[in-house]
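**Q** Structure incoming, see below.
The values are calculated or read from the model by the stated rules, or taken from the named source; none is laboratory data. Keep in mind the model is a prediction, meaning the values are calculated, not measured. Using ideal geometry, Cβ is built from the backbone for each residue, glycine included, and neighbour counts are taken over all protein chains shown.
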Amino acid sequence: MKFRKALVALSLAVVLPTAAACTAAATTTSDGGTSSSQTSQAPQSADGTTGRTGRGPGGGVEMSAVTTEEQLISLIQEAYGDAGLGLHRGHEPVQDVLDEVLTISHDELHVRMEQQGQNLAAVATDVGVDPQTLINALVDAWSPAIDNLLQAGTITQQEADAYHEALVQAFTFRVTWDGQQATPTFSGLGA
């Protein structure tokens with residue numbers, strides 16, 4: 001019994017601090033940068049509903065709210081994740097997709113990443129999901145931002161295709177990150 005209590009205490013010591021990082025929400029500052037704040041609730045959309053489906057950075061940006069190319073560039077950079085969080089890379093903005101594709105609990109994901117040292121690709125493989133399936137699902141969830149700018153005439157089809165490829169690269173990096181590579185900086189198509 002003491003062993004079981006010690007194991008639970010150890011698990012909580014590892015999972016809770018990282019779980020707190022999962023609820024960090026990024027907000028856009030007046031200079032176009034981002035700042036983080038902690039939240040214990042799912043973000044609310046304009047219609048008052050909660051959840052993260054279709055949301056971007058920090059779980060707080062609706063894909064339909066991306067109306068400029070600069071916001072799209074920030075969104076793609078956010079897709080790389082935060083290296084400061086280790087293999088975790090912050091999964092608040094993508095949690096709904098992870099839940100749907102990996103079909104494991106948020107807590108189990110933390111255990112696999114923090115205690116077993118698995119990246120998202122290893123977790124996916126371990127639960128019988130092709131990592132490319134996870135990458136595709138993440139890209140599909142964030143692609144409406146690109147589609148909206150294309151429909152609005154803000155970007156051309158050629159630019160939309162290039163942004164889509166950049167999003168694929170960003171999520172491929174995030175899913176397969178080995179814990180060592182520096183996070184690339186995406187500053188737009190002309191950079």
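**Q** Quick one: in the stretch 75-127, which of the residues that are in a helix (DSSP H, G or I) and of a type in the set (G, A, S) is nearest to the chain's Cα centre (by Cα)?
**A** A79
**Q** Restrict the check to the stretch 153-162 and report whether at least one residue is over 16 Å from the mean Cα position of the chain (by Cα), in contact (Cβ under 8 Å) with a residue 40 or more places away in the chain and part of a loop (DSSP other than H, G, I, E, B).
**A** Taking every residue of the stretch 153-162 in turn, at least one turns out to be over 16 Å from the mean Cα position of the chain (by Cα), in contact (Cβ under 8 Å) with a residue 40 or more places away in the chain and part of a loop (DSSP other than H, G, I, E, B).
**Q** Still on this structure, please answer the following. Would you confirm, using the coordinates I've provided, whether V97 is under 30 Å from G190 (Cβ atoms) and among the β-branched types (V, I, T)?
**A** yes
**Q** How do the pairs read when you match residues in the stretch 85-113 that are under 23 Å from L75 (Cβ atoms) with residues anywhere that are in a helix (DSSP H, G or I) and among the basic types (K, R), using Cβ under 7 Å and keeping only pairs 6 or more apart or on different chains?
**A** Filtered contacts from the stretch 85-113: R89/R174.
**Q** Additional query: Are any of the residues in the stretch 157-166 under 16 Å from T68 (Cβ atoms), crowded, with 18+ Cβ neighbours inside 10 Å and aromatic (F, W, Y)?
**A** yes
**Q** May I pose another question? How about the stretch 75-96: which of its residues are at pLDDT 90 or above and surrounded by fewer than 22 Cβ atoms within 10 Å (Cβ to Cβ)?
**A** Passing the criteria: Q77, Y80.
**Q** So the check is Cβ under 7 Å with 6+ separation or different chains; which pairs have a first residue in the stretch 61-81 that's closer than 20 Å to T172 by Cα and a second one that's part of a helix (DSSP H, G or I) and among the basic types (K, R)?
**A** Taking only residues 6 or more apart or on different chains, the pairs are A79/R174; Y80/R174; G81/R174.
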